[in-house]
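The values are calculated or read from the model by the stated rules, or taken from the named source; none is laboratory data. Keep in mind it's a predicted model, so treat the numbers as computed, not measured. Don't worry about glycine lacking a Cβ; one is built from the backbone with ideal geometry, like all the others, and counts go over all protein chains shown.
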Amino acid sequence: MQRDHRPYLLKRAYQRLQKFYTRRYLRPHFTHLGRGAHVMRPWHVEIFGAPIELGDCATLIACADARVRFSVWPERPGAGGIHIGRFALICPGVRISSAARVVLGDSCMLAHGVYITDSDWHGVYDRVSTGRRQPVVIGDNVWLGESAIVAKGVRIGHNSIVGAGAVVVHDVPANVVAAGNPARVVRELDPDATFTRRGDWYADPARLGRDFREWDRALLRGNTWGGWLRYLLAPRPGD
């Protein structure tokens, strides 16, 4: 599909369906789901265990072949938990698994296929335990690249970037870029530079919502119900 053929009213109806599904079927599985959450295809988000907390104005994007999964599997009562701060971006295929504690700050971005875990999930000799467990703490405005893995006990400082495919088994300081397997610092960022965070983008959520609706109207202008049905039944080259 080279462009969206849906009439504007159809897209708005689909967005309302996603919001209804999020409120009715997804929200009850969270210990806390903040205000302004935007979940694309929420029926492909899987939540298991508690506590799982997601802050205000989070964006989750899920797909049938790349579900978003948050799981808490404590070895004893009161252990485990996932806390994700405000303004998060969670892309398709992200998985977070906790037996100890996973904490992400505000404005974090997790690209496609990121995996975060605070446990080995099996011991070297005791294969029925959750193995060694250590909390994972990720600071504000951290960007984890596609298919990055963050292992138990890791701390990542504010503003840092983890490259695509990296395997993080040691702490990453603030304001750096880390890459490789195992991940190592490959570049330092200027801590005095101005960072534009997702939280800045959401400074006025009402205005942002209006801007998105105007953008959709402009993008879908001229689309008709008949044209959309024709595209569904008999797509042509260039559609």
One residue from V185, V168 being within 21 Å of the chain's Cα centre (by Cα) and in the same structural domain as A66 (by TED's automatic domain parsing)
V168
Looking at R217, is it among the charged types (D, E, K, R), surrounded by 12 or more Cβ atoms within 10 Å (Cβ to Cβ) and modelled with pLDDT of 95 or more?
no
From the set of residues in the stretch 5-39 that are hydroxyl-bearing (S, T, Y) and assigned to a helix (DSSP H, G or I), which is surrounded by the most Cβ atoms within 10 Å (Cβ to Cβ)?
T22
From the list I82, I52, I90, I61, exactly one residue is touching a Cys at 6+ places or on another chain (Cβ under 8 Å) and either surrounded by 20 or more Cβ atoms within 10 Å (Cβ to Cβ) or within 27 Å of W143 (Cβ to Cβ) (or both). Which is it?
I61
For the stretch 135-170, give me the residue count where each residue is surrounded by fewer than 20 Cβ atoms within 10 Å (Cβ to Cβ), touching a strand residue (DSSP E or B) at 6+ places or on another chain (Cβ under 8 Å) and either closer than 14 Å to V103 by Cβ or modelled with pLDDT under 95 (or both).
5
Residues of the stretch 6-36 satisfying the condition of being of a type in the set (D, E, K, R), touching a residue at least 24 places away in the same chain (Cβ under 8 Å) and more than 18 Å from E214 (Cβ to Cβ)
none
Determine whether the stretch 55-67 contains at least one residue that is within 14 Å of S97 (Cβ to Cβ) and polar (S, T, N, Q).
no
For the stretch 183-201, check the following and say yes or no: at least one residue is part of a loop (DSSP other than H, G, I, E, B) and touching a helix residue (DSSP H, G or I) at 6+ places or on another chain (Cβ under 7 Å).
no
